[in-house]
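Asks: Just passing along the structure, written as structure tokens.
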Amino acid sequence: MSKDRKRLIPAFIDLGAQRQRMGDRIERAVARVLRHGQFVLGPEVAELERQLAEFCGARHAIACANGTDALRLVLMAEGIGPGDAVFVPAFTFVATAEVVVLAGATPVFVDVRPDTFNLDADSLKAAIREVESLGLRPRCVIPVDLFGQPADYRAIRRIAEANDLIVLADAAQSFGASLHGRAVGTLAAYTATSFYPSKPLGCYGDGGAIFTDDDAKAKLLTALRCHGRHPDGTECGQAGINSRLDTFQAAILLEKLAVFPQEIVARQKSAERYAEGLGTMVRAPKLMTGASSVWAQYTIVIERRDELAKACREAGVPTAIHYASPLHALPAYRQFPVAPGGLPQAEWLAEHVISLPMHAYLADEAQDLVIRTVRGAVRSLKAGEAHAGLAGTPPPAG
Ligand SMILES: Cc1ncc(COP(=O)(O)O)c(C=O)c1O
């Protein structure tokens, strides 16, 4: 690989490109925190919470230490524990199910849709019926907005209302997206997001936030993230954890939030460019009518992805697999229930997905290299195996 190519796409997610564009704004923000010295729950944390809530239109934003804790704190606030069933998609990052196990509840794995890769409402319905026969109480569903697109909250909210389920949106990958004119953060009773550095809105370490319109629960969550103590020092009466967002990270996020709207537009443009350049050669998740995505990943499905990954590596195009295994196949999760009919879509996707470089500052030449490489690889794979279904045909649904 030539040095020029390496420079074209230096990393799968090139955080340096954003840093360069932002000049010394971040250094100045960090220096301000060093000067005032309120390193824990300093003024930037409250200001960030105010701006995050305003950005998405939620009544409350509660900042916390990471996206995993954001999910976990909601389960704590709702008293979810042993005997409770929490429905999660089988095709997601492990944190979505991990918090359920940590709460002592039972994760129940639900299949995803072949078009959007997000939670399948029919599989959810079937799973609810199934857990009742297992003697578990259906309590909560955690839809995941995979790769940046909101799940089908209309359908999920309907099922949740009929079954008295709490909807906790795992929006670790989708803050900044919207569905039917409503922003992520307002699509469920609770929304949890992550500011992990590679997320569309990322800090320089760990960070997360919870969104809710419920005043009493917001007060409780604010206490739970700080050892169960309210800001005035009184106890909330429930054991909490230490999950405060660092003031430095809040200061960095305030600077990044200021440029986030332009970055969302840039990500959308890059996604459109990929879709145009790759055409029908590969398949990416389909956007639902009325949905926007923040394209946390640009993930495609393809047969023989290892060969595509190899061709990309040789051309200086970094790729990644999100995710190589559905959660129900991981050793720590094999004992938990799955929706009736199994999880064929989640299993199929885990074997066929591959993510291409995607961030807000991806240069046209870099994208051209990716598109050329993928097209070339697909063509030669097709030529080598004329009957291979390279556009990726998932198993029949249902
Ligand atoms: C879908 C999903 N849920 C939860 C998390 C957990 O977020 P964090 O790494 O901030 O704990 C992530 C982060 O990678 C994620 O992608």
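What follows is calculated from the coordinates using simple rules that are stated; it is not laboratory data. Note that the structure is predicted; figures quoted are calculated from it, not measured. Reconstructed Cβ throughout: ideal geometry from the backbone, glycine too, with neighbour counts over all protein chains shown.
Asks: Arrange the peptides 355-363, 159-167, 373-381 so that the one whose residues have, on average, the most other Cβ atoms within 10 Å appears first.
Replies: Descending packing order for the listed peptides: 355-363, 373-381, 159-167.
Asks: Still on this structure, please answer the following. If the elastic network links every pair of Cα atoms under 10 Å, which of Ala121, Ala296, Ala239 fluctuates the most in the Gaussian network model of the chain?
Replies: Ranking Ala121, Ala296, Ala239 by mean-square fluctuation puts Ala239 first.
Asks: Let me spell out the model: positive unit charges on the Cβ of Lys and Arg, negative unit charges on the Cβ of Asp and Glu, origin at the Cα centre of the chain. What dipole size does that give, in debye rounded to 20?
Replies: Computed about the Cα centre, the dipole is about 800 debye.
Asks: Most exposed first by the Cβ proxy, i.e. fewest other Cβ within 10 Å, how do Cys236, Cys56 rank?
Replies: Cys236, Cys56
Asks: Among 65-74, 194-203, how do they line up from the highest to the lowest mean number of other beta-carbon atoms within 10 Å?
Replies: 65-74, 194-203
Asks: Which of Arg139, Arg372 comes first, and how do the rest follow, when ranked by fewest Cβ neighbours within 10 Å?
Replies: Ranked by crowding around the Cβ, least crowded first: Arg372, Arg139.
Asks: Could I ask something else about it? State the Cα centre-to-centre distance between segment 293-311 and segment 213-273 in whole Å.
Replies: Between the Cα centre of segment 293-311 and that of segment 213-273, the gap is 31 Å.
Asks: While we're looking at this one, here's another question. Just rank Thr299, Thr193, fewest to most, by other beta-carbon atoms within 10 angstrom.
Replies: In order of increasing Cβ crowding within 10 Å: Thr299, Thr193.
Asks: To continue, here is another question. Among residues other than Pro82 whose Cβ falls under 12 Å from its Cβ, what is the net charge (Lys/Arg +1, Asp/Glu -1)?
Replies: Charge balance in the 12 Å sphere: +1.
Asks: HN-Hα J couplings of segment 320-325 from phi, Karplus 6.51/-1.76/1.60, θ = phi - 60°, integer Hz, Gly and Pro as x?
Replies: Calculated HN-Hα couplings, in order: 8, 10, 10, 9, 6, 9 Hz.
Asks: Looking only at the chain, where both bridge partners belong to it, what percent of the DSSP beta bridges are antiparallel (to the nearest 5)?
Replies: Percentage antiparallel, nearest 5: 60.
Asks: Turning to a different aspect of this structure: With springs connecting C-alpha atoms under 10 Å apart, model the chain as a Gaussian network and identify which of Phe211, Phe248, Phe55 has the largest mean-square fluctuation.
Replies: Sorting by GNM fluctuation, first place goes to Phe55.
Asks: Antiparallel versus total DSSP beta bridges in segment 138-214: what percent is that, nearest 5?
Replies: 55 percent
Asks: Could you sort out which of Lys199/Lys256; Lys199/Lys382; Lys217/Lys256; Lys199/Lys269 sit more than 23 Å apart by Cα distance in this structure?
Replies: Lys199/Lys382; Lys217/Lys256
Asks: Among Glu351, Glu78, Glu385, whose mean-square fluctuation peaks in a Gaussian network model of the chain (Cα, cutoff 10 Å)?
Replies: Largest GNM mean-square fluctuation: Glu385.
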